[in-house]
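The values are calculated or read from the model by the stated rules, or taken from the named source; none is laboratory data. What you see is a predicted model; the values in this text were computed from it and never measured. Here the Cβ positions follow ideal geometry from the backbone for every residue, glycine too, while neighbour counts run over all protein chains shown. These area figures cover heavy atoms from the full protein model, side chains too; ligands, DNA and RNA do not enter into them. Shrake-Rupley method; radii C 1.70, N 1.55, O 1.52, S 1.80 Å.
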Amino acid sequence: MSLRPDLSVGIPEETMRVAKAAFPRGCMLMILRDDLGPIFHDQQFASLFPALGQPAATPWRLALITLLQFAEGLSDRQAAGAVRSRIDWKYLLALSLTDAGFDHTVLCEFRARLIAGRAEAILFDAVLDIAKSRHLVRPDGRQRTDSTRVVAAVRGLNRMAGITEAMRHALEVLAVAAPDWLRVQAAPHWVERYQRPTLATRLPRNETARQNHAREIGGDGHRLLAAIFAADAPTWLRAIPAVETLRLMWVQQFMLLDGEMHWRTAADGIPPAVLFVSTPHDVDAHYARKNLASWVGYKVHLTETCDADAPPIITHVRTTTAPVADDQATEPVHEALEQQGILPSQHFVDTGYLSAGILVETRQRFGVDLIGPVRRDMRWQAQAGKGFTADAFQINWDERRVTCPRGAYSSSWTAATDNGATSVFKIKFSRKDCGACSDRVDCAGAHANRRSMTLRMQDQHEALKDGRQRQQTAEFARLYACRAGIEATISYAVRAFGMRHARYIGQAKAHLQHLATAAAMNLMRLARSPKTPSHGQGAAGYPVRRAARQDGICQHEGGEEQGMSGYDQRM
């Protein structure tokens with residue numbers, strides 16, 4: 001398929017006349033078209049198409065349809081039907097009333113082109129550029145970030161069900177790819193054991209029976225993998241994704257001892273969740289737990305503006321695997337905002353995005369004031385409320401000496417590395433000074449004969465100390481109150497757009513879904529906002545509400561907004 005740029009972006013006269021007659025006061029999509037224009041143009045997607053071949057469907061229209069599809073929770077077939085049948089869609093897409101649309105598979109092919117060409121961000125950046133041109137997003141403003149869980153499109157399995165399903169899945173794929181080879185290698189009982197889906201099979205409940213069952217499954221998988229990696233086996237079998245997934249899961253789940261497969265236990269060593277394959281059908285989805293919630297899938301981080309004189313606009317979307325901690329997203333978010341030229345002067349986050357090192361790096365490298373509650377002092381002295389915390393000691397960084405509240409000096413200052421590979425200093429006081437001190441028990445502990453402490457680097461220590469003092473002030477409480485708005489945005493994305501459920505398999509496709517969803521949300525906010533922000537009109541003047549109906553993003557003639565319909569279909 002080759003690209004033939006479509007320069008006819010004007011709305012046909014008949015389409016305009018019928019649409020205005022059907023919606024005399026306009027509807028949301030008509031407002032979007034009249035106010036924002038076509039939004040995309042074909043040249044943005046030129047790199048995704050070859051120079052020769054049959055003409056492809058107009059990519060700028062497919063990009064808009066993709067945003068509407070995620071906005072209204074439509075499947076590909078439903079979206080193609082909306083292009084054929086809905087007047088407001090034809091108005092937005094500049095199509096004639098007699099246009100028959102296209103086959104629904106075109107949308108899947110378009111998404112595949114975006115992912116293969118790493119051009120998913122075009123959907124989001126084009127809308128963000130409009131907001132920047134209207135000065136709704138500007139550098140040195142204020143922004144806020146938070147994350148939420150995303151459940152994978154496949155069902156999470158426990159360890160026992162996971163290995164059984166991995167074996168069954170590999171056999172099904174091999175039965176199609178190499179049926180003659182598999183017929184020779186398969187054991188007689190494999191058909192009976194793996195012919196039905198794992199969820200339809202009752203697994204043993206007795207612990208001894210479960211262990212025996214695991215060994216049997218492990219032996220079957222070992223036999224299959226040994227045959228695949230044998231010298232006389234076709235080498236291309238090893239490149240099949242289902243085979244590689246089976247191999248990886250067997251390495252993680254079993255040990256080969258004395259020629260037999262043994263089920264791994266926690267004592268034997270099980271990979272961390274960020275590496276552990278939770279399901280053979282989506283190797284990018286991993287298990288995670290936060291508070292009372294546990295899921296297999298991903299995590300999405302949303303960053304949006306929170307200036308008082310403009311509506312909130314989402315400025316960055318980041319999708320990670322579920323077990324990745326929030327603080328690992330702080331630096332990438334700032335790097336992306338810096339590339340866009342929209343780094344904020346104040347960035348509001350929760351404790352998960354903060355650490356002493358991040359506070360220092362954010363201020364020194366990006367010049368951003370990262371505002372959020374830092375972690376409390378977890379040393380037992382601070383928790384018990386007696387004795388002396390680290391803040392009670394005077395630190396002379398130049399002389400590398402610490403003075404305790406009773407006037408004693410430290411006896412040693414040693415550079416070291418903690419468990420997290422962070423450079424620290426180990427400080428110790430002499431046994432003579434601490435032994436004669438009346439506060440030794442409360443300061444060092446009942447079983448210690450002297451006080452010892454660990455200090456971060458000077459800049460990190462002072463940043464953490466300043467952060468703890470700052471968050472006790474009324475000014476911090478006033479500033480930090482605006483971070484709560486990101487909770488509303490995430491709630492809106494989850495309830496009206498189904499962002500918490502992945503529609504497709506794989507992290508790349510989940511990220512495309514999140515970018516398109518965020519772009520659709522920005523479109524709605526741009527449609528409600530004036531072309532230039534007016535002083536005194538805060539974010540509260542731009543409400544976002546969950547849809548009340550399933551018939552699109554329109555308005556009643558009375559002007560009451562219907563919003564976007566909720567997502568209720570998976571692909």
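Under 14 Å Cα-Cα from residue 299, which aspartates and glutamates qualify once same-chain neighbours fewer than 8 residues away are excluded?
Within the straight-line limit of under 14 Å, residue 299 reaches these aspartates and glutamates: 146, 284, 326, 327.
In nm, to one decimal, how far is the residue 376 label point from the residue 118 one, both placed 7 Å along Cα→Cβ?
4.4 nm
What ranking, highest mean first, results for peptides 430-438, 31-39 when packing means the other Cβ atoms within 10 Å averaged over each residue?
On the way: 430-438: 14.6, 31-39: 17.3.
Top to bottom by mean Cβ count within 10 Å: 31-39, 430-438.
Per-residue HN-Hα couplings for the range 437-445, Karplus 6.51 cos²θ - 1.76 cosθ + 1.60 at θ = phi - 60°, whole Hz, x for Gly and Pro?
Coupling constants for the range 437-445: 8, 6, 9, 4, 5, 6, 8, 9, x Hz.
In whole percent, and with a 1.4 Å probe on the protein chains, what portion of the accessible area of the chain is carbon and sulfur? It would help to have the intermediate numbers written out before the result.
Numbers: 13790 of 27220 Å².
Taking all protein chains in place, the chain shows 51 percent carbon and sulfur surface.
Tell me the mean residue ellipticity at 222 nm calculated for the chain from its helices only (DSSP H runs of n ≥ 4, each -39500 (n - 2.57), averaged over every residue, nearest 500). If you can, show how the numbers build up before the last one.
Details: 21 runs with 231 residues, N = 571.
That calculation yields -12000 deg cm²/dmol at 222 nm.
To make sure I understand the rule: partners must be lysines, Cα under 25 Å from the Cα of residue 426, and not fewer than 8 residues away in the same chain. Which ones qualify?
386, 465
Looking only at GluC sites (Glu not before Pro) in DSSP loops with at most 16 other Cβ atoms within 10 Å, what is the longest site-free stretch of the chain? Spell out each step's value before the answer.
Values: sites that count: 399, 557, 560.
My reading of the result: 1-398 is the longest stretch.
For Cα pairs less than 8 Å apart in space and 6+ apart in sequence, what is the mean separation divided by the residue count of the range 222-309, i.e. the relative contact order in percent? Working shown, then result.
Numbers: 70 pairs, mean separation 13.0, N = 88.
The normalised contact order for the range 222-309 reaches 15 percent.
With every protein chain left in place, what is the accessible area per residue of the chain in square angstrom, probe 1.4 Å?
48 Å²
Rounded to the nearest 20 Debye, what is the dipole magnitude of the range 241-302 about its Cα centre when Lys and Arg each give +1 and Asp and Glu each give -1 at the C-beta?
Values: 5 positive and 6 negative charges, 77 e Å.
Dipole magnitude for the range 241-302 comes out near 360 debye.
Taking the alpha-carbon distance from residue 20 and a cut-off under 29 Å, which lysines remain once sequence neighbours fewer than 8 residues away in the same chain are dropped?
List returned: 90, 531.
Could you tell me which of rounded, prolate or oblate describes the range 196-339, using a ≥ b ≥ c as the square roots of the eigenvalues of the alpha-carbon gyration tensor, with rounded for a/c under 1.5 and, failing that, prolate when a/b is larger than b/c and oblate otherwise?
Since a/c reaches 1.5 and a/b is larger than b/c, the shape of the range 196-339 is classed as prolate.
Name the residues whose placed amide hydrogens come within less than 5 Å of the amide hydrogen of residue 316, ignoring near sequence neighbours (fewer than 5 apart) on the same chain.
Hits under the 5 Å cutoff: 303.
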